[in-house]
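Each remark here refers to the structure printed beneath this line.
The values are calculated or read from the model by the stated rules, or taken from the named source; none is laboratory data. Here the structure is a predicted model, which is why all the values come from computation and not from measurement. Quick reminder, even Gly has a Cβ in these numbers, built from the backbone with ideal geometry, and neighbours come from all protein chains shown. Heavy atoms of the whole protein, side chains included, go into the accessibility calculation; ligands, DNA and RNA do not. Shrake-Rupley method; radii C 1.70, N 1.55, O 1.52, S 1.80 Å.
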Amino acid sequence: MTDDRSSDGGPPVAVRHHPFALDLTRPLGTANGEIRSRDGFVIAVEGERDGTTVVGLGEATPLPGWTESREACSAALDGLSGPDGDRVESDPLDGLNAEATPAARHGVSLAFADAAARESGARLADRLADGADVDPTPADAVPVNATVGDADPAETAAEAERAAAEGFDCLKLKVGVRGVDADVERVRAVREAVGDGVALRVDANGAWDRETARRALDALAAFDLAYAEQPLPADDLEGLASLRETGRGSGVPIAVDESVGVRGIDAVLDADAADVAVLKPMALGGPDRTLAAALRARAAGIDPVVTTTIDAVVARTAAVHVAAAIPDVSPCGLATGPLLDEDLSPDPCPVADGRMPVPPGPGLAGGAFDELRRS
Ligand SMILES: O=C(O)CCC(=O)c1ccccc1C(=O)O
Ligand SMILES: [Mg+2]
């Protein structure tokens, strides 16, 4: 398995997957509904090289709205193993469509990338950077934002204050669940609580129409926002482009998230629809595809930000490697581990001072996931 895949005449590999279900500590309120739990699959690809077994680890954690359903993900993964879960000769990635089943493709492509990185002794970040021709060498830590869900102004401000006290200097607040006036009060309360030294982002998850979005951003501009994420529905690239145009100068920069999944990064760039592109490896079909999208955004003058879909520790760690491979990456939405009540394994990249360390290799995290690898 020197290549990232089994094909090209490489030896047969076994692809295993097993399900997990993790509750959030408390529901995360978004304009697209509450996220309460995360169901997914740990994926292991096992191959042999010169008599030693290499096991690469991946994770597929679907989130309908961003990825395929759990059922579709499960079916796609089931289709990969032979009749008795035995070894397959063909390239398992060939059977996975990144648009139709991005989470499944994420899981399997990550497992192959982890295996290849382990074999070469490199960190996943270095392997990804090599594959995408990125220079310089990936960073040893990435800046991250705290993720603050919907709640009333006092609770939102208290949570923001806790995050700032923990060392976060960038916060992302979910908005769009309540009316614009209520969100303005929430953002005002947060700004007052954390002061001017903390960057604030808001994420409306597509909740507003054009008129509401304009009104919301005009009012929110007073609080010096770093950006507003998905202020309009995913499809409305034209509306996003004009929101960006009319707000330029005095206004709030525009970020897209759902639009990238629905329309693709190239359509977003062509439409001049955003200043920032939020990229979710789980929704884009894998770490490799996410880094490629980030570099395309960068080349077009759009700032890439990598985030999770509230993934378990394997996919979260992979996303840290992706972010580290992007030169001078802006704060990313990767500090979502603490939102989970439990996890698959201890976290090899605990947040400290608003940053997550990139674990030493080889692969995802050296020996940190060895127990998962055996299961
Ligand atoms: O970006 C972050 O801070 C965390 C990730 C996040 O907000 C998120 C998590 C799950 C599903 C959707 C989203 C989103 O960015 O809209
Ligand atoms: Mg978002």
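List of remarks:
- Acute angle (nearest 10 degrees) that the helix 180-194 long axis makes with the longest principal axis of the chain, alpha-carbon atoms: 80
- Taking segment 14-122 and dividing mean pair separation by its residue count, relative contact order in percent (alpha carbons under 8 Å, at least six apart): 29
- Applying 0.36 nm per residue to the separation of ASP235 and ASP343 and subtracting their alpha-carbon distance, the gain on full extension is 35.5 nm.
- Sparsely packed trypsin sites (Lys or Arg not before Pro) within segment 131-189, loop by DSSP, other Cβ within 10 Å at most 12: none
- The slack between ASP196 and GLU371, meaning 0.36 nm per residue of separation minus the straight C-alpha distance, is 58.6 nm.
- Residues with amide H under 5 Å from that of THR307, placed H, sequence gap 5 or more: LEU279, LYS280, GLY333
- The residues of the chain have, on average, 39 Å² of accessible surface per residue, using a 1.4 Å probe with all protein chains present.
- Report summary: the helix-based calculation at 222 nm, which adds -39500 (n - 2.57) for every DSSP H run with n ≥ 4 and divides by the residues of the chain, gives -10500 deg cm²/dmol.
- Between amide H atoms placed 1.01 Å from N, distances below 5 Å from PHE41 occur with PHE20, ALA60, THR61, all of them 5 or more places distant or on a separate chain.
- Evaluating 6.51 cos²θ - 1.76 cosθ + 1.60 at θ = phi - 60° for every residue in segment 298-313, the Karplus couplings come out as 3, 5, 8, x, 9, 7, x, 10, 9, 9, 8, 9, 6, 8, 6, 5 Hz, glycine and proline recorded as x.
- Per-atom-type breakdown for segment 14-122 gives carbon and sulfur 45% of the accessible area (1.4 Å probe, protein chains only).
- Loop-located GluC sites (Glu not before Pro) in segment 49-145 (DSSP state not H, G, I, E or B) with no more than 16 neighbouring Cβ atoms inside 10 Å: GLU89, GLU99.
- Spatially, segment 22-57 and segment 142-212 are offset by 28 Å when compared through their Cα centroids.
- In the elastic network of the chain, a GNM with C-alpha springs shorter than 10 Å, the most mobile of ASP209, ASP126, ASP311 is ASP209.
- Principal-axis tilt of helix 210-220 within the chain, Cα atoms, nearest 10 degrees: 70
- Nearest-ten-degree value, helix 237-247 long axis tilted from longest Cα axis of the chain: 40
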